[in-house]
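The structure appears below as structure tokens.
Here, each number is a calculation from the coordinates, and none is a lab measurement. Here the structure is a predicted model, which means the values were calculated and not measured. Counting neighbours? That spans all protein chains shown, and the Cβs are built from the backbone with ideal geometry, glycine included.
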Amino acid sequence: MSSEIITIGSGTIDVFIECDSANIVSVSSKNKSTDFMSFAYGSKLEVEGFSSETGGGGINTAANFVNLGYKTAAIIKLGNDFAKKNILRKLDKLGIDDESVCFDENEHTGFSVILMSFQGDRTVLAHRGANAKLKKEDIDWDAIKKAKWLYIAPLNGESAFILDELAEFAEKHNVNMALNVGTTNIKQGKDTLDKVIKTAEILIMNREEASMLTEIQVRPDTKEIKYSQEEIHIDIRKMLEMLKNMGAKVVVITDGKKGAYAYDGKNYYKCSEYPAVVKSTLGAGDCFASTFVASMDKTDWDIEKSLKYASVNAASKVETAGAQKGLLTFKEIEKRLQKQDCEFKKLKY
């Protein structure tokens, strides 16, 4: 049976470590502020919590699409080790079609150690493994051709070299494509993303990634420009415009506690963060991005509703530890919105 949505990205085993001894150190300059997680050098520290889960952008987004009611398959590459069986069992449990999963007998499955802070945020130590070795011959092109949507999560290492072919194939066969660009993709050079962004229906990234790609810094000394009592930072607006000019139909930038922004070439949209008690931010970006894509499909490209739905689902996600836990159905999202709506602004300039 063909899937409505195909996700392509990483599949990993994630080990979570909670250590309250971690210090959060902030370093500021004129144009930016950066936070670091630090531990006493050479020390032996007790941990307050330890667990392991399956993760990775390819799996996390597929799990959310399934939970939102879509038949979904994941294209991921696994190594030859104990983790392979664990991930395949989890895909079956989540209801994700594993027919498009591929394997590399000479590599390890992707593996991450997630250091959790007392604030709920995290630092990730990642070994890409087989995730970085996805090749053209590994791709289930027939499954993509039959799908309505192709969702591309961040691809690392050699895997990023197939982006152009994925873009050309999706365009040729009228498959809608959503792209979530990661830091690793951007570091490989803007040229590697030109074609895939140009043909994307939806482009999603966080503010830091958008800043890297556009080379625009959000200056703290620049006040937000006000139009008709609505507000949006001028540097965010410049990012949206530059990304839209690269060709994507709709551009979305997430901005943590400040919410999210979108631009379709005519209107700017701003949606506040939905209230949540943060336990873990791991998987929140995958949840927001995939919920936005599914909502755009469900609502016939209603950007306002899609931003709200994505904000609500991401808020539920961060209240629960585990990359595939805390996900809501559309019915549950709508129920939460009835209780408390997100502050939403549609901006025109």
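Structure summary
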| read-out | value |
| --- | --- |
| Label point distance in nm, residue 190-residue 51, each placed 7 Å from Cα along Cα→Cβ | 4.2 |
| Bridge type composition, the range 85-234 - antiparallel percent by DSSP, nearest 5 | 55 |
| Whole-Hz couplings from phi, Karplus 6.51/-1.76/1.60, listed for the range 252-260; x for Gly and Pro | 10, 10, 8, 9, x, 5, 7, x, 8 |
| Alpha-carbon radius of gyration plus Dmax, which is the widest Cα pair, for the range 257-349 in Å | 12.6, 40 |
| Kirkwood-Stokes translational diffusion coefficient of the range 33-95, alpha-carbon pairs, 4 °C, 1.567 mPa s, µm²/s | 87 |
| Pairs of Cα atoms farther than 21 Å apart, the range 76-200, % | 47 |
| Relative frequency of Cα-Cα separations exceeding 18 Å in the range 92-143, percent | 55 |
| Within a Gaussian network of the chain (alpha carbon springs, distance under 10 Å), most fluctuating of 71, 249, 257 | 257 |
| Value of Rg/Rh across the chain [Cα atoms, Kirkwood radius] | 0.95 |
| The chain - mean residue ellipticity at 222 nm from DSSP helices (-39,500 (n - 2.57) per run, n ≥ 4, rounded to 500) | -9500 deg cm²/dmol |
| Residue-by-residue Karplus 3J(HN,Hα) for the range 130-143, coefficients 6.51, -1.76, 1.60, Hz, glycine and proline x | 4, 4, 8, 10, 5, 10, 3, 6, 7, 7, 7, 5, 5, 5 |
| Over 24 Å (Cα to Cα) - which of 244/335; 30/198; 146/249; 71/172; 145/187; 266/317 fall in this group | 244/335; 30/198; 145/187; 266/317 |
| Under the span-like rule (Cα at least 24 Å along the axis, Kyte-Doolittle mean at least 1.0), DSSP H helices of the chain | none |
| Evaluated over the range 1-157, the Cα radius of gyration and Dmax, each in Å | 18.0, 55 |
| Computed FRET value (nearest 0.05) for residue 338 with residue 299, which takes r as the C-beta separation and R₀ as 25 Å | 0.95 |
